[in-house]
Structures are given as C-alpha cells and as structure tokens.
1. Taking the Cβ of residue 19 as the center, what net charge do the other residues with Cβ under 13 Å away carry, scoring Lys and Arg +1 and Asp and Glu -1?
2. Please give, to one decimal in nm, the separation of the simple spin-label points placed at residue 60 and residue 6, each 7 Å out from Cα toward the Cβ.
3. Compute the relative contact order of the chain as a whole-number percentage, counting only Cα pairs closer than 8 Å that sit 6 or more residues apart in sequence.
4. Quick one: pull the percentage of alpha-carbon pairs in the chain with a separation above 21 Å.
5. Please give me the summed charge of the neighbours of residue 53: other residues whose Cβ is under 12 Å from its Cβ, Lys and Arg +1, Asp and Glu -1.
6. Quick check: the angle from helix 17-36's long axis to the longest principal axis of the chain, C-alpha only, nearest 10 degrees?
7. Using the Cα centre as the reference, give the magnitude of the dipole from point charges on the C-beta atoms of the chain (Lys, Arg: +1; Asp, Glu: -1; all else neutral), rounded to the nearest 20 debye.
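What follows draws every value from the coordinates through simple rules; no lab data is involved. Given the structure is predicted, the values throughout are model-derived calculations rather than measurements. Virtual Cβ from ideal backbone geometry, glycine too; neighbours counted across all protein chains shown.
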Amino acid sequence: MLFLVRMDVNIPHDLPEAQAADIKAREKAYAQALQHDGRWRHLWRVVGEYANYSVFDVASNDELHTLLSGLPLFPYMKIHVTPLAQHPSAIA
Ligand SMILES: O=C(O)C[C@H]1C=CC(=O)O1
C-alpha cells in the first residue's frame, strides 16, 4: 500500500541545541534504514520549508502508523497522510 505523507517539522526554539542535534541524527539513521529496506520510497524536501513529502510502501495503515510514530522527530512534527490508489491512465 502506498501513502503520500507530508511532514512539517517545528522544533521548539527552547530545545537545547545538543538535544536537537541528537534527535536529528537519530531521525536521519531511522529514515535511511527505512529507505534501505524499501518502505520509505521517496523523500523530498519542500522548497523553502522545513517540511518533506514522502512516499511510503507498507502493508497496512497500522504499519505506517507504527513507523511514523517511531520517528525521533515525531513529537515535533505535524503529519498529513494521503492513501494512494492506482490511476487508470498511469502507464507504470
Ligand atoms: O527533515 C525532515 O524533513 C524531517 C525528517 C524526515 C526525514 C529526516 O531525516 O528528517
């Protein structure tokens, strides 16, 4: 099942820099592991925003929820999920 996910990151200004850096490093490792195993298919920065559009390929809504809620930045993100279906005019 494919899902388009938008993540908007909002790290509080009063979070200590070292703590923010640690969370971002753990987030990067988590994101790259999921890209390597094929479940995080695309990761694109939104130009001019601390936000991304991502495409996930997972078995269920529950699996996606588990992955997203495990993101180290999860407490600091607004996440919007759009389930995707086949388009009849798509050639791939
Ligand atoms: O930077 C972001 O968009 C937030 C998050 C998503 C992947 C990652 O490494 O950080």
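1. Working: positive: 24, 26; negative: 14, 17, 22, 27.
Cβ neighbours under 13 Å give a net charge of -2.
2. According to this spin-label approximation, the distance is 2.9 nm.
3. 49 percent
4. Pairs farther apart than 21 Å: 34 percent.
5. Around residue 53, the charge tally is +1.
6. Once rounded, the angle reads 20 degrees.
7. Computed charge dipole of the chain: roughly 200 debye.
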